[in-house]
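The next block holds one structure in the form of structure tokens; read it before the comments.
Quick note: the coordinates plus some simple rules give every number you see, no bench work behind them. Only a predicted model underlies this, so the values are computations on that prediction, with no experimental measurement involved. Glycine also receives a Cβ, built like all others from the backbone with ideal geometry; neighbour counts cover every protein chain displayed.
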Amino acid sequence: MNDRDDSGVLAVRLQAFLRALRERYERVQQQGAAAGVDPATLEGCLSSLTLAEAAVRYLDLGADPAASRPLQVAVLGPTQTGKSTIVNLILGMPAAVVSPLAGFTVHAQGFCVDGAASDGEWTRQLFPGGTRRTSQELRRDELDAYALSQVAQDADAQARPPTLPPCTIWDTPDFDSLAARRYQRGVLETAALADAHLLVLSKEKYSDLAAWNLLALHEPLGRPMLICLNKLTPDAFEAIPQSLRARLAERCPTLIDAPIVGIPYRASGQLAAADVPGEVAQLRAWVANLHIAPRAKVSGVQKLIRRHWDDWTAPLCAEHEALQAWQALVSAALQEMLDAYRRDFLDHPQRFDSFRRATVGLLALLELPGAAGVIGRVREAVTYPVRRLLAGGRSWLERRRDPSAVRRRTLAGEERVLFDLIDELLVRLERDVARRCDAQQPGCAVWRALGCRLEQQGDALRERLQAAARRHHESFAREIQAAANRLYEALRQNPALLNTLRAARATADVAALALAIKTGGTPIHELLFAPAMLALSSLLTEGALGAYLRSVESELKQRQLEQARAGLFQGEFARSLRELVAGLEGAGVLGVPPEALAQAAADLAAWERQGSAAVEPAA
Ligand SMILES: Nc1nc2c(ncn2[C@@H]2O[C@H](COP(=O)(O)OP(=O)(O)OP(=O)(O)O)[C@@H](O)[C@H]2O)c(=O)[nH]1
Ligand SMILES: [Mg+2]
């Protein structure tokens, strides 16, 4: 790939980025939810983005030079300054409709002069999404239409040099009247397409802010510019051009040498070429002598992009920072939650039940002799019916008040702790997000969208986290069973202790418990604190195998911590919370991924480094 192709690839990629960014800004504007970007800034970003995107597109870097378009001149200016009038003066015929109504011209209309084909290859890529019409077909309710027509220089114009070269003169809509925003795109597209700009100002409009904003917007492009000062009364003929020049020096220094053509006001009727032959000749001569340097054109587009880059991308960076802050918030909250899980469950002497659950598993393995004989005493051993009855009465009362509290009461220790921690986590995140929703803060759109999500999807999120907690709890049962197996193996190595267990008075109760578990009659966590269980646990830990058993217990605890950390906290919990920010674009967020921004910034830098050297041979 040579430099020219390279440059084309970079420009095409950059153009795609600018288009995507413009579309996102437009969507945010339509949603009226431009949080973090004030409306005026948003409006400015949209104008400069539209201009820059079109300017890159119209560079035609990959196009065949033989098929390049003829000279294009855009006549721009505020409403009623006389743009359409000036177009007609240059063409030497009433091609554009002139009207005293403000905002009269609403479509871009190109007039192709002699030999500047209006049906060439280059016309195909004009105004994407816009419909081409003839001048007569243009309707005010179809604002994305444009017209391109062929005109012949009249005999009079040909007789009076300078004649125009093959070129297209574009009459454009205004950018400052009430409805201008609706057809602004046509103005910017034409300005980007044009090789040279003819700015029409008038005595009344030469110092309007809108006119100077337009000048400032187009200045970096560096296109040759002529300023036509129309409707100058005799008293203003000297003073206004001077004042204009002084302002140019102050506000747009690169335009200080732009030619200024003053056109006298004719009190009676419309202005005709015959009224101002000298001025018309100046305008034509300017068009005829235009020399367009492709190299300067490319560097102008690069300057335009560079001038606005930070303004365009600052809201994106603020969003990325907000998203990073959210990830940091999630990480910190989950770390605290994990600490609380250790404190409230793993290191909690009453609540940590995994080892006791392992010993229950052990009982099932032991299948102590004589167990069958004591099945009948199971219920007394654990006083099960009485407690069940009491619990039943209590839960009936509670169910009427808070069903979730009842559900929670039936949870095992670990689940109960996790469920409480999930509630605390969600409350904390909601509070932290709400604190950052301040409309003045950059990136607040992200926080607002997140706040809405947490509010709308809070219940579903809670259920998802609870389901994950439950899965973790259930999957750890396998580890508990493995620990039971290890305990059993250890006991088999120690027949004396096994006999002690069998001889103990607790044995009958324990065996009954084991059977109760095996037959599924009693929830396991109800048994863990039964006196028989405690007796068994203490027998085991006091015996000769005490040290070994304690090591099994601490290993079990360590495994449970690791599984919770990796599978639950850093796994499913983190994933669910991070997914919460996916697809936020629909809620006032621009949503350009950081990688796309980094790629575009790199493309711009590479394109600038390459400069426009590769364009020169094709000129
Ligand atoms: N009397 C007089 N009228 C002028 C002169 N120049 C322009 N006009 C009038 O000013 C009005 C506006 O002229 P246009 O050429 O339509 O102005 P425009 O800038 O195209 O206006 P929009 O299309 O609305 O943006 C028309 O009524 C013209 O006849 C002049 O020198 N003398
Ligand atoms: Mg007009």
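In terms of surrounding Cβ atoms within a 10 Å radius of their Cβ, Ser177, Ser84 rank from fewest to most as Ser177, Ser84. Evaluate E = 1/(1 + (r/R0)^6) for Glu321 and Leu290, where r is the Cβ-Cβ distance and R0 equals 41 Å; express this FRET efficiency to the nearest 0.05. E between Glu321 and Leu290, to the nearest 0.05, is 0.35. For Arg575 and Arg492, a Förster radius of 41 Å and the Cβ-Cβ distance give a FRET efficiency of 0.45, rounded to the nearest 0.05. Close amide H pairs (under 5 Å, H built 1.01 Å from N) link Gln150 with Cys112, residues at least 5 positions away or on another chain.
The lysines within cross-link reach of Lys557, meaning a Cα-to-Cα straight distance under 30 Å and a gap of 8 or more places when in the same chain, are Lys518.
Below 8 Å between Cα atoms, with a sequence gap of 6+, how large is the relative contact order for the range 63-292 in percent?
Numbers: 413 pairs, mean separation 58.0, N = 230.
Reported as a whole number, the value is 25 percent.
Rounded to the nearest whole Hz, the Karplus-based 3J(HN,Hα) values (6.51 cos²θ - 1.76 cosθ + 1.60, θ = phi - 60°) of the range 576-589 follow the sequence 4, 6, 6, 5, 4, 9, 6, x, 7, 3, x, 10, x, 9, with x at glycine and proline. Here Lys83 is the anchor, and the lysines within straight C-alpha reach of less than 27 Å, apart from those fewer than 8 places off in the same chain, are Lys203, Lys205, Lys231, Lys297.
Sorting the segments 249-257, 269-277, 416-424 by their mean number of nearby beta carbons within 10 angstrom, highest to lowest, gives 416-424, 269-277, 249-257.
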